[in-house]
Amino acid sequence: MTRDHNIIQRLKDVALSVPGQTALVQALSGAQQKKGSTEKTISFADLEERSAGYARFFLKKGIGPNDRALLLMPLGIDFYVLFLALARIGVPVMLVDPGVGLAHFRACTRQILPTVFIAPPRGHLLRLYRVFSGPLRAFAPSFVPFATTLRELPPAGQPGLLSDGLDPCLDADHPALITFTSGSTGRPKAILRTHGFLLRQGDELAALMPASAGDVEFCSFPVFALANLAQGVTTLLPSAGADVVDVLACMRRRAATRLLASPDFCSRLCGVIEKGGDNLLRPLRAVHTGGGPVQMVLLDRLAALAPEAAVCSLYGSTEAEPIALQEHAAIPEPWRERIRGGDGLPAGRPVENICLRILEDNTGRALPVLTLEEFAALCLPPGRAGEIVVSGALVQKGYMNPEDDAETKIRVGDIVWHRTGDAGRCDEDGTLWLLGRCGAKIRTGSGQVYPFAVEAAACLLPEVRRAALVQARGKVILAIEADSLSEAQRASLMNIHSALDEVILLAHIPVDTRHNTKVLYAELRRLLEQNSGSRPVPPSSSERLK
């Protein structure tokens, strides 16, 4: 077995090469800081020893490769220690974002029943729901063979584990991580990542966003942080409850050189600095943002505050990450006029090892198996808009429930193509332009309109925080989230597209809870149907991390 067969062996190699280097720094919230330090840290050696110690404890409890662990921990040092401990003994770890709500949690755990349940004390309140909620009886954490809190686990650190520790006998195909799609278009789908897949994904991210010796990156995405660990990069993590100011203070203390976060977090980070806060982005060498639509104005703001950094947007999905990257410095000025003209958002060219095509938009129609000729007939030439499909080594070939494959997988010979559900078009040089979700397109008497064709143009106005195009009350409505909107600005927005019937100002456009970025069109439509009008209400001034 070579060093690249599993993620645990890779991390052990890192710990042996840089044992004293800080692996993770956790920025604590103001409330947590009152109890002591402003941050928590762990070195690569301690990460190895603590995770190996917990692995020994789990083995003594009879936990092993036949188990499935639900790790309901917030992103932080304890999360990674426990994940690595379980992965070390071959236990695939289930991740369910606790912020997405009880209905999503129930839908996920109904599909994959855990045999190990680890959560903070408040997380174990979910075990009581089976008493009060009939639907949750499909998932009965009260009867999970092993359920515990971090406080109940014994001390994990043991000396000498770097030299005589658990050498995992896991091959590249062994299950490591189970995640779930957002379920925004239906039932959440379970996705299994193997050890080999995590290694390939980490290596691809390292090649795409190369780090230098001594780099320190703030990262709010769990899988990307794992890729950092595998490359020996020190990573700053937000604590639950930590706000933008707490994170900025941690970045200052640790002399951060890189930033990877959602567009919403980056926008709020810029807002704090623009209001007079210390510009801690100036020293950064790299800024990457993704997880939702990245508007041009946000890239402009980041580039202005981090003039020495390579500012880039990332496009991907849970099933294929990353797909494309666009560097702000490489965006020519004429592209802004294209955005104003309805071309959508530039996402850049597909990354290496990703093959991308634009197919005719067949929203709602399954295309499970096609011949080469049938697939070629559906592929659109440059300039034509349709559904984005991808294939390659970083694309999940299927879901844990094979019945879910029919909706989003196309088998063409030996190749599996993933249907992203996103609309887009490609230029002659391969540059991808995003147009929004295929299912969110609006049909009018003169044709169809994809949401980003209007929303991206509206978001070129600096005053606009978010925009959403929706059909409600028999009208095509452009909803704008902003503090205020002058009549001149409203008139300018109405001129973006001939299909628009109305521009309205909302205090808040509903978005996903995972990244606080993707518009929930169905919810917005319900809100507009329930309310015949709108009035400008100042948005919340909260700077809390989602």
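Computed values, structure above
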{"read-out": "Unique residue being touching a helix residue (DSSP H, G or I) at 6+ places or on another chain (Cβ under 7 Å) and more than 23 Å from Gly344 (Cβ to Cβ) when the list is Leu367, Leu394", "value": "Leu394"}
{"read-out": "Conditions (1) surrounded by 20 or more Cβ atoms within 10 Å (Cβ to Cβ); (2) over 30 Å from Leu460 (Cβ atoms); (3) at pLDDT 95 or above: number failed by Asp422", "value": "(2)"}
{"read-out": "Residue under evaluation Pro307, criteria (1) surrounded by 16 or more Cβ atoms within 10 Å (Cβ to Cβ); (2) under 28 Å from Ala256 (Cβ atoms), criterion not met", "value": "(1)"}
{"read-out": "One residue from Asp46, Asp67 being within 22 Å of Ala27 (Cα to Cα) and in contact (Cβ under 8 Å) with a residue 12 or more places away in the chain", "value": "Asp46"}
{"read-out": "The range 287-323, residues that are β-branched (Val, Ile, Thr) and out of contact with any His (no Cβ under 8 Å at 6 or more places or on another chain)", "value": "Val287, Thr289, Val294, Val297, Thr318, Ile323"}
{"read-out": "Scan of the range 322-364 for residues that are among the charged types (D, E, K, R) and under 15 Å from Leu432 (Cβ atoms), ordered by number", "value": "Glu327, Arg338, Asp343, Arg349, Glu352, Arg357"}
{"read-out": "Residue among Leu86, Leu59 that alone is in contact with a strand residue (DSSP E or B) (Cβ under 8 Å, 6 or more places away or on another chain), in the same structural domain as Leu102 (by TED's automatic domain parsing) and of a type in the set (A, V, I, L, M)", "value": "Leu86"}
{"read-out": "Within the range 470-498, considering residues that are of a type in the set (Asp, Glu) and not in a strand (DSSP E or B), the one nearest to Arg437 (Cα to Cα)", "value": "Asp483"}
{"read-out": "Members of the range 495-514 found to be closer than 28 Å to Gly445 by Cβ and either at pLDDT below 90 or of a type in the set (Val, Ile, Thr) (or both), listed by number", "value": "Ile496, Val503, Ile504, Ile509"}
{"read-out": "Whichever residue in the range 59-82 is over 27 Å from Thr235 (Cβ atoms) and not in a loop (DSSP other than H, G, I, E, B) and, among such residues, is farthest from the chain's Cα centre (by Cα)", "value": "Lys60"}
{"read-out": "Check on Pro92, at pLDDT 95 or above and not aromatic (Phe, Trp, Tyr)", "value": "yes"}
{"read-out": "Flag if Ala491 is among the small types (Gly, Ala, Ser) and modelled with pLDDT of 95 or more", "value": "no"}
{"read-out": "Asp171 vs. criteria among the acidic types (Asp, Glu), under 22 Å from Arg50 (Cβ atoms) and either assigned to a loop (DSSP other than H, G, I, E, B) or modelled with pLDDT under 55 (or both)", "value": "no"}
{"read-out": "Qualifying residues in the range 287-346 (those that are under 30 Å from Leu192 (Cβ atoms) and charged (D, E, K, R)) - the one modelled with the highest pLDDT", "value": "Glu319"}
{"read-out": "Within the range 428-468, tally of residues that are surrounded by 15 or more Cβ atoms within 10 Å (Cβ to Cβ) and assigned to a loop (DSSP other than H, G, I, E, B)", "value": "8"}
{"read-out": "Scope the range 372-403; condition hydrophobic (A, V, I, L, M, F, W, C) and either surrounded by 12 or more Cβ atoms within 10 Å (Cβ to Cβ) or under 18 Å from Glu319 (Cβ atoms) (or both); matching residues", "value": "Phe375, Leu378, Cys379, Leu380, Ala385, Ile388, Val389, Val390, Ala393, Leu394, Val395, Met400"}
{"read-out": "Residues of the range 307-337 classified as out of contact with any helix residue (DSSP H, G or I) (no Cβ under 8 Å at 6 or more places or on another chain) and either under 27 Å from Ile191 (Cβ atoms) or in contact (Cβ under 8 Å) with a residue 40 or more places away in the chain (or both), total", "value": "9"}
{"read-out": "Residue count for the range 72-89, restricted to those that are more than 19 Å from Ala227 (Cα to Cα) and modelled with pLDDT of 90 or more", "value": "1"}
{"read-out": "Filtered residue count, the range 488-534, keeping only those that are crowded, with 18+ Cβ neighbours inside 10 Å, among the acidic types (Asp, Glu) and over 21 Å from the mean Cα position of the chain (by Cα)", "value": "0"}
{"read-out": "Output for the range 283-302, where each listed residue is within 17 Å of Val272 (Cα to Cα) and surrounded by fewer than 19 Cβ atoms within 10 Å (Cβ to Cβ)", "value": "Pro283, Val297, Asp300"}
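The values are calculated or read from the model by the stated rules, or taken from the named source; none is laboratory data. Only a predicted model underlies this, so the values are computations on that prediction, with no experimental measurement involved. For neighbour counting, all protein chains shown are included, and Cβ atoms are generated from backbone atoms with ideal geometry for every residue, glycine included.
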